[in-house]
Structure formats: C-alpha cells, structure tokens
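Each reported figure results from applying straightforward, stated rules to the coordinates on display, with no laboratory input. Model, not experiment: these values are computed from the prediction. Ideal geometry is used to build each Cβ from the backbone, glycine not excepted, and the neighbour counts take in all protein chains shown.
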Amino acid sequence: MILQRGITGKNHNVDDHFPKPAGKEFKQLCYTLIAQLDGRVLAFSEPQIDTNYFHVELEVFKERLHLLLNENHRYLAVASEVDYFKLTFIDEPTLTRQFAPYYTVLQQAELNERIQLRPGRKKGALLNENDLCKEELVDLVYWNPKTVGQAVFNHWD
C-alpha cells in the first residue's frame, strides 16, 4: 500500500486537498447499512486530538466489531479489537461488500504490512512506498509503528 500524504493525520500544507470523508455521512451510512444486516451501532466517535480516525463500535453477526475510517482519506478498516496501541484488523467480506461502494475497504494483509524504517534517519527513513510530508516522516520515526495499519489509524498527538 502506498502511504499517501495526510494519511497519518498531519496536514501542514494548506494547499493539500484530501478527499476527506464527512463524519455525518459516515454515521448515517453506518446506521443504515448495519441495520440492513440486523446489527446495531453501539458507539460512534469522531477523530480527537490524539486519534486520526472515526471509530464505530457495532454489534453484527453476533459479534462486537469496529469500523475505522481515516480522517483525511476514504480508507475504511474492520477490526475485532481496538485498544490504545493494539488494533486487530480482520477481513469481513459482508461488511466489505456493504461499504465498498462508499469507501476503500482495506484488507488485513495491507494493514498488517510491516513498516520498514531505515535506522538513524528522520527524512528518507521510510522504505515503504509513500508520498508523506516531512512532518509525517518525523512522526513515523518518533512513534515507530510496526504496521501500515498502525500508521493509517493512529493515536499520535
């Protein structure tokens, strides 16, 4: 997966225009699409100062699952566990089909791809294909995420 500019939540360039998802639209879609699956939304959270994603906790298929939507890009992920530094991403084909017309639903393999950092450098330290700005690269070195998913959906301030 190519890590696109703004994916980590940083946006220091006012000229950058991201295809930002609308929180209200996402919330409405979640309630509608999850109800069609005989599920229910338990909680909806917008991005905070230390998170860069919308978080929906839901009950569907007799399971408690989570939907994460990046705040700057229309990237959606399904997780079975969302804890401060532990995100367990899963592939859920039915949810993928429901949300794919509206968002790019990232798969577990993409999200679990290892972040490869060149030791001892800040600029140019990331070996994964990317279009990140300098501030994002500095954050990656500082926060040291292990996977692409931890960079795309993070708890950095």
Exercise. So how much slack lies between residue 109 and residue 38, counting 0.36 nm per residue of separation and subtracting their Cα-Cα distance, in nm?
Worked result: 22.8 nm
Exercise. Which of the aspartates and glutamates could a cross-linker bridge to residue 134, judged by Cα under 14 Å and excluding same-chain residues fewer than eight apart?
Worked result: 16
For this session: Quick one: go through the stretch 81-121 and flag any residue whose amide nitrogen is under 14 Å from the point 7 Å out along the Cα-to-Cβ line of residue 127.
Result: 114-121
Problem set entry | Acute angle (nearest 10 degrees) that the helix 23-36 long axis makes with the longest principal axis of the chain, alpha-carbon atoms | 40
Problem set entry | Simple label model, 7 Å out from Cα along Cβ direction - residue 135 to residue 45, nm | 2.3
Exercise. What is the mean projected area of the alpha carbon convex hull for the stretch 23-152, to one decimal in square nanometres?
Worked result: 7.9
Seminar exercise, completed: If 90, 49, 7 are placed from fewest to most neighbouring beta carbons inside 10 Å, the sequence is 49, 90, 7
For this session: Could you check which residue among 74, 114, 97 shows the biggest mean-square fluctuation in a GNM of the chain with a 10 Å Cα cutoff?
Result: 97
Exercise. Hey, what did the chain get for relative contact order, percent, Cα under 8 Å, at least 6 apart?
Worked result: 27
Exercise. For the chain, which span is the longest to avoid every loop-located (per DSSP) member of chymotrypsin sites (Phe, Trp or Tyr not before Pro) having at most 15 other Cβ atoms inside 10 Å?
Worked result: 1-60
Problem set entry | Cα lying deepest toward the dipole's positive end in the stretch 13-157, options 147, 125, 107, charges on Cβ | 125
Exercise. Hey, rough spin-label estimate for residue 62 and residue 31, points 7 angstrom out along Cα→Cβ, what's it come to in nanometres?
Worked result: 2.8
Exercise. Given the rule -39500 (n - 2.57) for each run of at least 4 DSSP H residues, summed and divided by the residues of the chain, what is its mean residue ellipticity at 222 nm, to the nearest 500 deg cm²/dmol?
Worked result: -7000 deg cm²/dmol
Exercise. How big is the charge dipole of the stretch 23-152 about its Cα centre, in debye rounded to the nearest 20, if each Lys and Arg gets +1 on its Cβ and each Asp and Glu gets -1 on its Cβ?
Worked result: 300
